[in-house]
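Values quoted throughout were computed directly from the atomic coordinates according to the rules given, and no laboratory measurement underlies them. Everything numeric here is computed off the predicted structure, so don't read it as measured data. All Cβ positions, even for glycine, are placed from backbone atoms using ideal geometry, and neighbour counts span all protein chains on display.
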């Protein structure tokens, strides 16, 4: 005979389990090495943080440029002398040079060789007229839609580690095949997939608005598709969630084997 | 479940309480209660053997199959 405290969620779907059973018989625990688990979790969180930080740092210049343009625009509202020059903003474009892969439409001066050499660009930042607040065109509305979508992306980036940490806390208590863990994993998977589609939508909006505004002789504006790794990760995590679900069913059956 | 557990009948015949039987068999009263009320999913042969030994009965005296009762298959569905 043994007694123990139960950490199990009492709101079980199955009607074959009763509270009395689980208050006396704790859920099946695994003899897991918490050191290894903790190390792997910390490693995952560190890699995730580095990934987000490096992405932020690599885009820092663009961010600062956009911030400077935005603050200039804001100041122009109060200072009419700066109005004309400040009513410009930066657009970020992905480009493809000409019709063939061997096209190098531009040149750049190489100091080391003291000569001009052919070059082509695949990214550009263009300073062009900003939208006026009175502009009600579809173009401006599309650009405005970027803001809530970008905020949604930020929320997702914050939520993913929250669920991951919640999952880790549960695993450290050696509760593995539990409904809350399955729920956490499903949420992580769904958020990863959602992140990809939100990024895709933002990229599409940027592409469409750039097409409406710009056309170049030597370059074509490209649509930049987000990395498919996000959707792959999401699907893999959902797969693991399904494995956990099957495991929880087997655990329930094991617990009800007398 | 289509398998009916008649443990309470055998216990009443022998006039043995749940706690006494559980102590003799070596399982918890809660587990025995799960078995008695028909909520168990499976029973080990070792447990069945111990119960039959204490109650001096056959497995058929404790377990009965009734085709009128709906079988419980939900754990096997995807």
- Counting pairs of alpha carbon atoms under 8 Å apart in space and at least six apart in sequence, what relative contact order in percent does chain B give? 53
- Rg/Rg_globular for the range B:1-59, with Rg_globular taken as 2.2 N^0.38 Å and Rg from C-alpha atoms: 1.00
- Once both label points are put 7 Å beyond Cα along the C-beta direction, the residue A:150-residue A:240 separation in nm becomes 3.1
- Query: What's the average, rounded to a whole number, of partner chain beta-carbon atoms within 10 Å of each residue's beta-carbon in A:245-256?
  - Reply: 2
- Message: Mean-square fluctuation check for chain B, GNM, Cα pairs under 10 Å: which of B:33, B:46, B:22 is largest?
- Response: B:46
